[in-house]
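The values are calculated or read from the model by the stated rules, or taken from the named source; none is laboratory data. Note that the structure is a prediction, hence the values are computed from the model and not measured. Glycine gets a Cβ as well: all are built from the backbone with ideal geometry, and neighbour counts include every protein chain shown. Side chains included, ligands, DNA and RNA excluded: accessible areas come from the protein's heavy atoms. Shrake-Rupley method; radii C 1.70, N 1.55, O 1.52, S 1.80 Å.
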Amino acid sequence: MKERTFIAIKPDAVQRGLIGKIITRIEDKGFKISGLKMIQVTEELAAKHYAEHIGKPFYPDLVKFITSAPIIAMVVEGENAVTAMRQLMGKTNPANAEAGSIRADYSQEMSYNSIHGSDSPESAEREIAIYFKPEEICSWTTMFEILKAKLEG
Ligand code: IDP
Ligand code: MG
């Protein structure tokens, strides 16, 4: 099922020069990026994004971190994009993340785990609306979609 999700390359990965490598992982899997921008997250924006974590012990540090340098915000589309991107990202704690996943390969600590991805289609729509205006999301056709349409008629 075609689906879309919200992905963010977090400040640690931006500061380490990993933007290109992480986007390459997403493109290599065949996902379509339909929205993309660099944003300096404010405390207000962080509170909207991480509303579910307000009040948790790690929340203040999470806000400090996510506002510490820019992020790359993306809308990513594909088959079961929410779950498939969570798989590509790996578990929240990089120590438990599957070998070959982005978090396993690029991060060591839970607080600096390089990438965010929505945890459900509902969260995805909520998060996309926080970061993108409708007109900032592009509708376009990948070469694979063109080839597939040709084969399947
Ligand atoms: P997720 O990013 O895998 O969806 P969430 O539970 O939604 O994980 O937590 C959001 C982010 O908050 C995590 O990616 C991580 O950076 C941070 N975080 C979550 N739990 C902890 C914790 O127990 N200690 C420190 N940071 C945490
Ligand atoms: Mg989450």
Query raised in the report: Just to be sure, is I146 within 15 Å of the chain's Cα centre (by Cα) and either at pLDDT below 95 or aliphatic (A, V, I, L, M) (or both)?
Result: no
Report task. Of all residues in the range 68-123, count the ones that are of a type in the set (S, T, N, Q) and under 10 Å from the mean Cα position of the chain (by Cα). Result -> 2
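This table checks each residue for (1) away from ligand 2 (no atom under 16 Å from the Cβ); (2) β-branched (V, I, T).
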| residue | (1), (2) |
| --- | --- |
| M1 | yes, no |
| G17 | yes, no |
| T42 | yes, yes |
| L45 | no, no |
| V63 | no, yes |
Report task. Give me a count of the residues in the range 98-153 that are farther than 23 Å from Y59 by Cα, free of Cβ contacts under 8 Å to residues at least 12 places away in the same chain and hydrophobic (A, V, I, L, M, F, W, C). Result -> 6
Query raised in the report: Does I39 satisfy being near ligand 1 (Cβ under 10 Å from one of its atoms) and within 16 Å of the chain's Cα centre (by Cα)?
Result: no
Query raised in the report: In the range 113-153, which residue that is within 15 Å of ligand 1 (Cβ to nearest atom) and surrounded by fewer than 18 Cβ atoms within 10 Å (Cβ to Cβ) is nearest to I23 (Cα to Cα)?
Result: D119
Query raised in the report: Do we have any residue at all in the range 115-132 that's of a type in the set (A, V, I, L, M, F, W, C) and not in a helix (DSSP H, G or I)?
Result: yes
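Hey, which of the helices (runs of 4 or more DSSP H) in the range 1-98, taking only ones fully inside, have at least 3 residues that are in contact with a strand residue (DSSP E or B) (Cβ under 8 Å, 6 or more places away or on another chain) and either open to solvent by less than 60 Å² (accessible area, probe 1.4 Å) or within 24 Å of E136 (Cβ to Cβ) (or both)?
Per the criteria, 11-15, 19-28, 81-89.
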